[in-house]
Amino acid sequence: GGFRSFAVYSDLVARELFEQRLDTNPPRAARAYAVSFIAMNDAMVACWDAKYAYWRIRPPQLDPELRPLFPPPPHPSYPAAHGCFTTAVTTALARLFPQDAAALEAIGAEASEARIWAGIHFRSDVDAGREIGRQVAERVVAAADAAR
């Protein structure tokens, strides 16, 4: 968890660039990193704004008998942060690399779902987080395209 999980997405951008033979194209590589990480950052801002607007409890707070796989983070449950940022970065990459869109979007979906499986989020937390991430990524990609 924590900031280590962000390295996974940097590695994902690097892998896409390598597989598409764009790793030796500095402008295209810089654009892929910039769009992906601006989307991730903006989604996190939107996510935390919503978390502290709604203050939703986590599943183990509602049901003390529930034993999550790891201690829940010390911030509100809704929306799910992984839903926000993983969907943002994978949606942005899916728009930049449409030939791999399904696989990239599946990575975002699985990372989001894992929070339900771990017992630290409700379905509505993840769905809202994924929607925030998707909408933010679409806006970032559109702004980057308009700036070309």
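Shape summary: the chain maps onto an equivalent ellipsoid whose semi-axes, from the alpha-carbon gyration tensor, are 30, 15, 11 Å in decreasing order.
If I take R0 = 35 Å and measure r between the Cβ atoms of ALA34 and ALA114 in this structure, what FRET efficiency does the formula 1/(1 + (r/R0)^6) give, to the nearest 0.05?
Computed FRET efficiency for ALA34 and ALA114 comes out at 0.85.
Computed about the Cα centre, the dipole magnitude for segment 37-148 is approximately 160 debye when only Lys and Arg (+1) and Asp and Glu (-1) carry charge, each at its Cβ.
Heavy-atom accessible surface of the chain, averaged per residue, reaches 54 Å², computed with a 1.4 Å probe.
Per-residue accessible area (protein heavy atoms, 1.4 Å probe) orders TYR78, TYR54, TYR9 as TYR54, TYR78, TYR9, starting from the largest. Quick one: go through segment 87-120 and flag any residue whose amide nitrogen is under 15 Å from the point 7 Å out along the Cα-to-Cβ line of HIS75. The answer is 87-88, whose backbone nitrogens lie closer than 15 Å to the label point. Using C-alpha pairs below 8 Å separated by at least 6 residues, the relative contact order for the chain is 28 percent.
Counting only protein heavy atoms and a probe of 1.4 Å, the accessible surface of the chain is 60% carbon and sulfur.
Which FRET efficiency, nearest 0.05, do ASP23 and TRP55 yield, Cβ-Cβ r, R0 41 Å? According to the calculation, E is roughly 0.40.
Ligands, DNA and RNA aside, SER124 has an accessible area near 50 Å² when probed at 1.4 Å.
The values are calculated or read from the model by the stated rules, or taken from the named source; none is laboratory data. Computed from a predicted structure; not experimentally measured. Counting neighbours? That spans all protein chains shown, and the Cβs are built from the backbone with ideal geometry, glycine included. SASA here: full protein model, heavy atoms, side chains in, ligands and nucleic acids out. Shrake-Rupley method; radii C 1.70, N 1.55, O 1.52, S 1.80 Å.
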